[in-house]
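Below is one structure, written out as structure tokens; comments come after it.
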Amino acid sequence: MTATIPVGFVPLIDAGPLIVAVEMGFDRAEGIALDLRRANSWSALRDMVSFGQVTAAQMLSPMPVATALGLGGAGAALAAVAVLSTNGEVVCVSAAMAKRLREAGHDFGFDDAYTAGRALIAAADGPLRIAVPFPFSMHAELLYHWLTALGLPAPSGIDIRTVPPPLMAAALAAGEIDACCVGEPWGSMAVERGVGTLLLPGSAIWPGMPEKVLGVRADLADSNPEPLRALIRALWHAGQWLNDPRSRVTACEMLSGRDYLDVPPEVIDRALSGHLTISARGDSRVVPQFVDFGHFAPQQAHAAWIGGRLAARLGLDRGTSQDAACATYRTDLHENALQSIPGYVPEPEVFERSFDGQIFTPALPK
Amino acid sequence: MEQARVNGWGRTLRPRHLQEDQSSSRIYAQFSGNTVNNVSPNRRSTLPIVPGFVDGSLMQRLLKITIVESDPARAALIEESLLRVGQYELNIVDDMTRLNTAIKEINPDIVLIDLDNPSRDALEELTLATAPLERPVALFVDQGDANLTKLAIEAGVSAYVVDGLRADRLKPILDAAVTRFNMFRQMRTELAATKRALEERKVIDRAKGILMKAKGIDEEAAYALLRRAAMDQGRKVGDVAEALVSTAGLLS
């Protein structure tokens, strides 16, 4: 008897492991069947998980932490049981901002967070208005880290606001924002529409940042039923398959489907290959590690870092926030699920440093 | 100027103070809806409108409900449903680009928004009160009645409620919204199913036509052939027909 598992996703390239698990049959190989449900917002996904409309969902990696800290949502406690993707975000500037940057001599090298950040701060006309898709997102954390490290005072010098990705191109075109930080393919879509120029990939700010996680209710994670372990294994296989360059052409076709991302495969290919077109003039840049699907284990150090950042910004107690954050990242459960894969060897986790040499806070002593 | 408007249910709606901002949110201030416990406009205008945020002051005035909906027809239906269960001050925000600004200006007690609306994420910002006098809102979940929120989520409506609002005041509102959104959902499902059925029938008809012409058979035989191919391949007749039509399109 195959267990059907309803899983929610938002149309982004990092829904890739979920889509691939279904299209390639990694779910059926593990004796489960994923029933993918597309959602239009992160808050909707969070509530669907909390109230049981779906068993699991793609989530921004700070979402389970934010819920644990009582920020947004009011339903059940959540747990991250897998990391679906690492990086894959872009910073995209408006046409007016791109023009100012060019006039000031910025070369849009797309690889140096120092020069790009300093140029952006110098070109700001008042507080920098930057849109992110959700208040509790790695996009927001990356921006705060990047710009404050370069001396921009927060919150006075930076105005980070939430704009749903489908409306970001319009907000850029209308001059309501100077820039946005968003997951692919939305950055490339803004370039396609001629309203945005890509300034920097998220991986140039902090490589190895967990971008999306698979979130479930904490009580489900605690009981750790076999179908959940099967889901984790299916997604691990999907991530391995996606990371293989030979899969790329097929993967782009799968993701571009009408029920999934519904954008042309060649736009998806830019993110998966790391060959990004950064301007409407067709300038292109290569990013060797633009997005990765292989850093699959939720790390306590990541959770602690996210908890610490949210606590500092919102005036919560740092220690208790970090403890609560760590409890949502279920590394234990994850290892337990993957051990039964023949020949599985846990990947040694290497924490990469941010552009300014920061390292994730190590896991807190229990 | 005071304007009287008669809605489809024969009730007079009296906008008390029109603060209209045509460009963004239509603000219909203070309707008196229910004829049973109708309060006269004169008496209502003497009620203290306290801008505070404790439930004590909420008891003194009509609850302010903001409906976030860009489709005017749907917004009107939600309005109607709410006015049938009580008197509320209703506002509609239809411009998603100014959502948070509009809501901060209106300062409502309750915000109702379609679960499928992408702009819901922007509302999450309002769950963080950044200034001392701001009123944080939260997705409504009362510990005693989580079931109500579950029903709402299933119906596809989310209610953001200001801190300190009592559940018994919210329940009739949420009940009415849930009923209305369930109807929306049903209509949407029916429409989609009808469209799909029509689409499929069109494709099957075209596939039959192609087979009749190519093989010189009648309509019944053509359909039997399609059905048989579908059974052999374990696919739906519609899928086989679609494959045939698109292949024929390539060859012609």
- prompt: Please state the Cα pair-distance histogram of region A:277-366 with 10 angstrom bins from zero: what percent is in each bin?
  reply: 14, 33, 29, 18, 7, 0
statement: In whole percents, the bins of 20 Å from zero upward hold the Cα-Cα pairs of chain A as 31, 60, 9, 0
- request: Enter the mean number of other protein chain beta carbons within 10 Å of the beta carbon of each residue in A:42-51, as an integer.
  value: 6
field: Full-extension gain in nm, A:I359 to A:L314, via 0.36 nm per residue minus C-alpha separation
entry: 14.0 nm
query: Pairs A:K212/B:K171; A:K212/B:K195; A:K99/B:K104; A:K212/B:K202; B:K213/B:K236: which are spaced more than 30 Å apart, C-alpha to C-alpha?
result: A:K212/B:K171; A:K212/B:K195; A:K99/B:K104; A:K212/B:K202
field: Kirkwood hydrodynamic radius over Cα pairs of region B:191-251, then Stokes diffusion coefficient at 10 °C and 1.306 mPa s, in µm²/s
entry: 136
- line: Note: B:148-157 gets an average of partner chain Cβ contacts (10 Å, Cβ to Cβ) equal to 3
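If you take every residue apart from A:L78 with its C-beta less than 15 Å away from the C-beta of A:L78, what net charge results, scoring Lys and Arg +1 and Asp and Glu -1? If you can, show how the numbers build up before the last one.
On the way: positive: A:R46, A:K212, A:R217, A:R330; negative: A:D47, A:D219, A:D222, B:E124.
Net charge around A:L78: 0.
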- request: Neighbouring Cβ atoms within 10 Å as the yardstick, rank A:C180, A:C252 fewest first.
  value: A:C252, A:C180
statement: Residues whose built amide H sits under 5 Å from the amide H of A:A297, excluding neighbours closer than 5 in sequence, are A:V83
HN-Hα J in Hz across region B:106-119 - Karplus 6.51, -1.76, 1.60, θ = phi - 60°, x for Gly and Pro: 6, 6, x, 8, 9, 10, 10, 9, 4, 4, 7, 6, x, 6
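Among the trypsin sites (Lys or Arg not before Pro) within region A:234-313, which fall in a DSSP loop and have no more than 14 other Cβ atoms within 10 Å of their own Cβ? Walk me through the numbers before you get to the answer.
Numbers: sites: A:R246, A:R248, A:R258, A:R270, A:R281, A:R285, A:R309, A:R313; in loops: A:R258, A:R281.
When the trypsin sites (Lys or Arg not before Pro) of region A:234-313 are filtered for loop state and at most 14 Cβ neighbours within 10 Å, A:R258, A:R281 remain.
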message: Let me make sure I get this right: for region A:89-208, a, b and c are the square roots of the gyration tensor eigenvalues over alpha carbons, sorted descending. Under 1.5 in a/c it's rounded, otherwise prolate if a/b > b/c, else oblate. Which is it?
response: rounded
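Every number in this text was worked out from the coordinates using simple rules, so none of it is lab data. The shown structure was predicted, so the numbers you read here are calculated from the model rather than taken from an experiment. Backbone-built Cβ (ideal geometry, glycine too); neighbour counts: all protein chains shown.
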